[in-house]
Amino acid sequence: MDNVIEWLNENELRAYPLREGDKTSVLPENFLLDLLLVVDGSQALEQVKLLNVSVEAEGVAVDFSGDGNSFFVERNQTFPRYLRNPNGSLAVFGEGLYRLLELGNTAVLSLNIPVEPAAVYRFDQAWLGVSGISASKSYQSIENSYTPETPLILTAIGEYKLIDDVEFHPGYNYKIDFRENRINMAAGFKFGLPMDCVTEFVSPELKDCDDIISYINGVPPDSKGAFRLEAGANIYTFSGNTVDENIPDNNPKIEELYYSQGLPVIERINSNTLFVGLTFLESDLCSPVQLLPTNN
């Protein structure tokens with residue numbers, strides 16, 4: 001609080017938040033002590049100005065650039081006086097307002113004094129909220145329901161805008177919360193519609209469930225579905241992206257054995273392949289034990 005008071009006291013002795021110039025002498029330096037002015041994206045920060053100050057019977061009206069950037073300070077107030085308008089802008093007025101009241105109830109000052117850019121906040125882009133909704137893909141829902149068909153069935157593709165009344169409904173692992181004028185969307189485990197082991201999103205020919213490893217020697221993955229493999233002594237692990245893409249095997253007996261058992265011959269390796277190898281050196285191996293002859 002002390003820092004705030006010092007800041008306002010300092011601004012009583014200078015033009016800030018207005019830019020120093022000839023017209024600033026028309027106003028008392030302690031008339032406007034601080035300012036946070038919100039403008040839309042069409043306003044250049046350097047062109048935002050204090051336009052008019054009007055003295056009326058009930059108080060003083062102050063107009064800045066930008067839609068809705070007006071303030072009205074009533075008479076007989078204590079200072080500093082903080083005022084926030086519906087536009088979200090904030091102005092802090094000081095005791096210099098009393099000097100303006102002495103000008104009479106019909107005084108109007110046309111000023112056009114530039115505002116310091118540091119005191120202006122341009123409200124645009126993402127801060128404006130949702131300006132339009134479009135969809136790139138549309139999937140079929142169960143008849144008379146908002147629940148999607150599974151496996152997913154694509155009904156339309158190509159970006160198109162959603163107009164008229166747009167309804168949002170939670171989906172699988174997807175929830176929607178409406179709070180006042182805000183729409184909160186989140187995707188994650190246990191959100192929205194429940195899922196079970198039979199919930200399928202792709203056609204059967206695209207599934208790879210038989211190839212997914214659920215356990216390794218009876219050990220399941222962690223809560224995120226990931227396994228962590230750590231190599232011990234004399235064990236080395238490396239992924240498929242560290243070796244040649246092709247691993248030729250010219251041994252016809254090996255190939256014949258694989259084919260006879262219905263096993264694929266390793267010809268192409270991808271980055272998801274994990275290799276495990278041994279790194280024993282010759283010095284790690286025990287020397288043969290020389291047994292002495294026995295009488296037996």
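The values are calculated or read from the model by the stated rules, or taken from the named source; none is laboratory data. Bear in mind the structure is a predicted one, so any value in this text is a computation, not a measurement. For neighbour counting, all protein chains shown are included, and Cβ atoms are generated from backbone atoms with ideal geometry for every residue, glycine included.
Out of everything in the stretch 76-86 that is in contact with a Phe, Trp or Tyr (Cβ under 9 Å, 6 or more places away or on another chain) and in a loop (DSSP other than H, G, I, E, B), what residue ends up being nearest to Val55 (Cα to Cα)? Filtering first and then ranking leaves Gln77. Scanning the stretch 269-286 for residues that are at pLDDT 70 or above, in a loop (DSSP other than H, G, I, E, B) and polar (S, T, N, Q) gives Thr273, Thr279. Of the residues making up the stretch 1-60, just one is of a type in the set (Val, Ile, Thr), buried (at least 17 other Cβ atoms within 10 Å of the Cβ) and assigned to a helix (DSSP H, G or I), namely Thr24. Filtering the stretch 180-195 for residues that are in contact (Cβ under 8 Å) with a residue 12 or more places away in the chain, closer than 30 Å to Leu27 by Cβ, assigned to a loop (DSSP other than H, G, I, E, B) and touching a strand residue (DSSP E or B) at 6+ places or on another chain (Cβ under 7 Å) leaves an empty set.
Of all the listed residues (Phe64, Phe72), the sole one being within 18 Å of Pro114 (Cβ to Cβ), assigned by TED's automatic domain parsing to the domain that holds Val120 and in contact with a strand residue (DSSP E or B) (Cβ under 6 Å, 6 or more places away or on another chain) is Phe64. Only one entry of Tyr174, Tyr121 meets the criterion of being within 20 Å of Phe191 (Cβ to Cβ), assigned to a strand (DSSP E or B) and of a type outside the set (S, T, N, Q), and that entry is Tyr174. Among all positions in the stretch 141-154, there is no residue which is touching a residue at least 12 places away in the same chain (Cβ under 8 Å) and among the charged types (D, E, K, R).
Restricting the search to the stretch 112-167, which residues are basic (Lys, Arg) and either surrounded by 10 or more Cβ atoms within 10 Å (Cβ to Cβ) or at pLDDT 85 or above (or both)? Result: Arg122, Lys137.
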